[in-house]
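All remarks here apply to the structure that follows.
The values are calculated or read from the model by the stated rules, or taken from the named source; none is laboratory data. Here the structure is a predicted model, which means the values were calculated and not measured. In this analysis, Cβ positions are derived from the backbone assuming ideal geometry, glycine residues included, and neighbour counts consider all displayed protein chains. Areas reflect the complete protein model, heavy atoms only, side chains present, ligands, DNA and RNA absent. Shrake-Rupley method; radii C 1.70, N 1.55, O 1.52, S 1.80 Å.
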Amino acid sequence: MMSWDWSHLKGDGLLAHTIRSAKLSGLLLLSGLAMVLHMLLPFWQQPKFLQGDEVVRRLEELLE
């Protein structure tokens, strides 16, 4: 039987881990929604914080 591995929480703690996970999830969901909207309305430009290079920069920042 496989047990739950809590070792990835040692450095941050549960609250910090949950907050970081929520930020990552929100960023990915918003950027995905912006991409779909941009696909449907090609003239619409995503806000800077949802554009690909900024999303990559923010993901790298949050995952460190």
List the pairs whose first member sits in the range 16-34 and is more than 11 Å from Gln46 (Cα to Cα), whose second member is assigned to a helix (DSSP H, G or I) and among the aromatic types (Phe, Trp, Tyr), and whose Cβ atoms are under 9 Å apart, counting only residues at least 6 apart or on separate chains?
Leu27/Phe49
Among the residues of the range 8-41, count how many are open to solvent by 60 Å² or more (accessible area, probe 1.4 Å) and at pLDDT below 85.
5
Working only within the range 42-58, note down all residues that are in contact with a Leu (Cβ under 9 Å, 6 or more places away or on another chain), open to solvent by 40 Å² or more (accessible area, probe 1.4 Å) and not in a loop (DSSP other than H, G, I, E, B).
Phe49, Arg58
